[in-house]
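Visitor: Questions regarding the structure given below will be posed in turn.
The values are calculated or read from the model by the stated rules, or taken from the named source; none is laboratory data. None of these values were measured; they are calculated from a predicted model. Here the Cβ positions follow ideal geometry from the backbone for every residue, glycine too, while neighbour counts run over all protein chains shown. Just so you know, the surface numbers come from the protein's heavy atoms only, side chains and all, with ligands and any DNA or RNA stripped out. Shrake-Rupley method; radii C 1.70, N 1.55, O 1.52, S 1.80 Å.
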Amino acid sequence: MRLTRYFLPILKETPAEASIASHRLMLRAGMIHQSSAGIYSWLPMGFKVLQRLEQIVHEEQQRAGHIPMLMPTLQSADLWRESGRYDDYGKEMLRITDRHGRDMLYGPTNEELITDIVRNSINSYKDLPKTLYHIQWKFRDEVRPRFGVMRGREFYMKDGYSFDVDEAGALHSYNRHLVSYLRTYERMGLKAIPMKADTGPIGGDHSHEFLVLAETGESEVFYDSRVLDMSLGDCVIDFDDVAQCQDIFDEFTTPYARTDETHDDAIFSDVPENRRMSARGIEVGQIFYFGTKYSESMGADVVMPDGSRKPIEMGSHGIGVSRLIGALIEANHDDKGIIWPESVAPFRVGLVNLRQGDEAADAACDSLYSGLVKAGLDPLYDDRDERAGAKFASMDLIGCPWRITVGPRGLKNGVVELTSRRTGETVELSPEDALARCVEIYADV
RNA sequence: CGGGGCGUGGCGCAGCCUGGUAGCGCGACGGUUUUGGGUACCGUAGGUCGGAGGUUCGAAUCCUCUCGCCCCGACCA
């Protein structure tokens, strides 16, 4: 993309309403525009990042064997009356009446809808297990939306629902989700720690929240510093392998890691003192096995081999996709701007022409630009007639992980510069080598 | 839902207390200049001062109501 043809409304000054880094930087980098409290338009740059995250989530979900679909945002109140949640949910649920006076609502989540679909089409134990998911906009009418997309009223979320015959199957689904989430966050360059979560009125042991450590996080967390060293890395995972998923689950959930909701000082004190940490965290996902709460109240059951009927064992599992962008920026920025991890960068390489209009510089940039495009590196070419300082500042703000700088001075010696946004390190290379180096960097991203 | 704050050109703000018909910086536009980390200068355009009502000869400014937004807390993912 050539910057002169793009829509990137960069702000030089910080808008007054933004108090935390991610919100400030998203506004300044022209990623979002507030439409009303907790509701945002996603401008082209922000939308691009959102799509990158969405793509990773889709790939990892499908890798784990989960099936994509799409449910509507508007739902009928009748289904929610069946489950009993229409009255329980309170004012957070946005209620709407259509022209015929029917009660509708903007979905804050989709258990009822998916249970309705499944009960209509799944009748036998032979049809299970299944995990269906979608990525769709949700609305929760928060009392106090804040921090930009971190706590919006409208937000984009992947929510998946697992359906199993029995508890053992449901627990495998649960473990499988935990493993797939670990992979998902790792791919995004994020350290998200699974922490034992409160299961609320339904009870049970089986809920974990995934927390990204950040000073601006809304939850207080306590953990054994050992969790920070754990990663899946290149581990090959067979998501149908019950034992392997269980092992990974055990490995990652054994060290102490809890939010203030489930924190227990007595257990925490068993952690060696030098590893006992407390911090703040942003919740970017949650998995939950809740058994038959909805299948019983809504009559979703299957016929078993012996001819009896059994309510389906269910779980629901969510990743806050729009919130993740906030979390990513909180975890990856400096005073100049955003520092995108390679895997989620809206543009993978920034190309800066220091002397627009200079014949040699323009030609070198054009050639590099088409090379980068051909290599699938999705470059952003700053071809504005601006001074070097302004171009550098813009690139630093929007956070392209790599920047190729082209100017007459370097070209005289046959070189351009390749700079890492994260380290600031610069190397001089021939244009061909700079391109090759970028291809190499992104080879396995 | 309790507490606090703010609405004035696209953005950041001053003016309000002590009423006299709106100003600064950034940005935009036109020019000159400059050219490897947000260049300097000259000029131009752009505002029913969130809205409604009231007081007054006169309201951005005072009073009442209202809408919107932000922050702290409680709540929630």
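Visitor: Sort through A:D396, A:D433 and tell me the only one that's more than 8 Å from RNA strand B (Cβ to nearest atom), at negative phi and acidic (D, E).
Guide: The unique qualifying residue is A:D433.
Visitor: Also, quick follow-up: Restricting to segment A:41-64, give me the number of residues that are of a type in the set (K, R) and either outside any helix (DSSP H, G or I) or under 14 Å from A:F347 (Cβ atoms) (or both).
Guide: Summing the residues that are of a type in the set (K, R) and either outside any helix (DSSP H, G or I) or under 14 Å from A:F347 (Cβ atoms) (or both) in segment A:41-64 gives 2.
Visitor: Output the residues belonging to segment A:16-27 that are near RNA strand B (Cβ under 9 Å from one of its atoms), open to solvent by 50 Å² or more (accessible area, probe 1.4 Å) and either touching a residue at least 24 places away in the same chain (Cβ under 8 Å) or assigned to a helix (DSSP H, G or I) (or both).
Guide: Of everything in segment A:16-27, just one residue is near RNA strand B (Cβ under 9 Å from one of its atoms), open to solvent by 50 Å² or more (accessible area, probe 1.4 Å) and either touching a residue at least 24 places away in the same chain (Cβ under 8 Å) or assigned to a helix (DSSP H, G or I) (or both), namely A:S19.
Visitor: Still on this model: Consider A:S41 carefully, then state whether it is of a type outside the set (D, E, K, R), over 18 Å from the mean Cα position of the chain (by Cα) and open to solvent by 50 Å² or more (accessible area, probe 1.4 Å).
Guide: no
Visitor: Then there is this: On the basis of being within 15 Å of RNA strand B (Cβ to nearest atom) and β-branched (V, I, T), does A:I325 make the cut?
Guide: Against the criterion (within 15 Å of RNA strand B (Cβ to nearest atom) and β-branched (V, I, T)), A:I325 qualifies.
Visitor: Please specify each residue of segment A:190-240 satisfying the condition of being without any contact (Cβ under 8 Å) to a residue 12 or more places away in the chain and either in a helix (DSSP H, G or I) or in contact with a Lys or Arg (Cβ under 6 Å, 6 or more places away or on another chain) (or both).
Guide: Hits for segment A:190-240 are A:G200, A:P201, A:D229.
Visitor: List the residue pairs whose Cβ atoms are under 6 Å apart, where the first residue sits in segment A:387-402 and is open to solvent by less than 30 Å² (accessible area, probe 1.4 Å), the second is more than 8 Å from RNA strand B (Cβ to nearest atom) and among the small types (G, A, S), and the two are 6 or more positions apart or on different chains.
Guide: A:M395/A:G350; A:L397/A:A29; A:I398/A:A29; A:C400/A:G350; A:P401/A:A345
Visitor: With the requirement that a residue be closer than 27 Å to A:D383 by Cα and in contact with a strand residue (DSSP E or B) (Cβ under 6 Å, 6 or more places away or on another chain), what does segment A:6-28 give you?
Guide: A:L25, A:M26
Visitor: Exactly one condition in (1) within 26 Å of the chain's Cα centre (by Cα); (2) surrounded by fewer than 19 Cβ atoms within 10 Å (Cβ to Cβ) is false for A:E425; which is it?
Guide: Exception for A:E425: condition (1).
Visitor: Going residue by residue through segment A:241-250, is there one that turns out to be touching a Lys or Arg at 6+ places or on another chain (Cβ under 9 Å) and loosely packed, with under 15 Cβ neighbours inside 10 Å?
Guide: No, that holds for no residue.
Okay, residues lined up against (1) within 19 Å of A:I319 (Cα to Cα); (2) outside the structural domain of A:T131 (by TED's automatic domain parsing); (3) among the polar types (S, T, N, Q):
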{"site": "A:P194", "(1), (2), (3)": "yes, no, no"}
{"site": "A:V212", "(1), (2), (3)": "yes, no, no"}
{"site": "A:E218", "(1), (2), (3)": "yes, no, no"}
{"site": "A:D241", "(1), (2), (3)": "no, no, no"}
{"site": "A:F249", "(1), (2), (3)": "yes, no, no"}
{"site": "A:S278", "(1), (2), (3)": "no, no, yes"}
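Visitor: So which residues in segment A:120-152 are within 22 Å of A:M31 (Cβ to Cβ), open to solvent by 20 Å² or more (accessible area, probe 1.4 Å) and modelled with pLDDT of 95 or more, if there are any at all?
Guide: Listed by number, the residues that qualify are A:Q136, A:W137.
Visitor: Within segment A:366-375, can you find the residues that are touching a helix residue (DSSP H, G or I) at 6+ places or on another chain (Cβ under 9 Å) and either surrounded by fewer than 18 Cβ atoms within 10 Å (Cβ to Cβ) or hydrophobic (A, V, I, L, M, F, W, C) (or both)?
Guide: Answer for segment A:366-375, where residues must be touching a helix residue (DSSP H, G or I) at 6+ places or on another chain (Cβ under 9 Å) and either surrounded by fewer than 18 Cβ atoms within 10 Å (Cβ to Cβ) or hydrophobic (A, V, I, L, M, F, W, C) (or both): A:S367, A:L368, A:L372, A:A375.
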